[in-house]
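What follows is calculated from the coordinates using simple rules that are stated; it is not laboratory data. Everything numeric here is computed off the predicted structure, so don't read it as measured data. So basically every Cβ, Gly included, is an ideal-geometry build from the backbone, and we count neighbours across all protein chains shown.
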Ligand SMILES: [Cu+2]
């Protein structure tokens, strides 16, 4: 009779250990952002800091663009420079892309998957002053 109690305790301890192991969320190795590469970009007269932006092919990218000194805009080609018109988009956007307007002091987020290696041009698409047309940059998707 004396030996039963320790055995019961052992069983109880084993069971609770097993259940807590199962309940614990697994995958400590996955990074907490879910594999999204977040890149901060500053838009100010008349440049995007810091261009060129480099990412790896296959990366899920979030550009967080902050307009510093004025309202600016952001638009990026979904085709790499030199790609034939009508080819499959090299950047796959989470939401439809046209011109994203960013008010002064605000931050806009643009999300896409960098599918195809190449150089993608982006530019300001909200008139912001004399050299607005020169306000552009490049995103380079590396293989
Ligand atoms: Cu502009």
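Remarks
- Remark: 109, 42 ranked as 109, 42, counting other beta-carbon atoms within 10 Å and listing the fewest first.
- Order of 116, 75 - criterion: other Cβ atoms within 10 Å of each residue's Cβ, fewest first: 75, 116
- Here 54, 123, 133 are placed in order of increasing Cβ neighbour count within 10 Å, fewest first, which gives 133, 54, 123.
- For residue 69 and residue 37, a Förster radius of 30 Å and the Cβ-Cβ distance give a FRET efficiency of 0.70, rounded to the nearest 0.05.
- Distance between the modelled labels on residue 140 and residue 62, one decimal in nanometres: 2.6 nm (7 Å Cα→Cβ projection).
- Label point distance in nm, residue 106-residue 131, each placed 7 Å from Cα along Cα→Cβ: 2.6 nm
- Simple label model, 7 Å out from Cα along Cβ direction - residue 81 to residue 51, nm: 1.0 nm
- For region 122-140 and region 75-109, distance of Cα centres in Å: 13 Å
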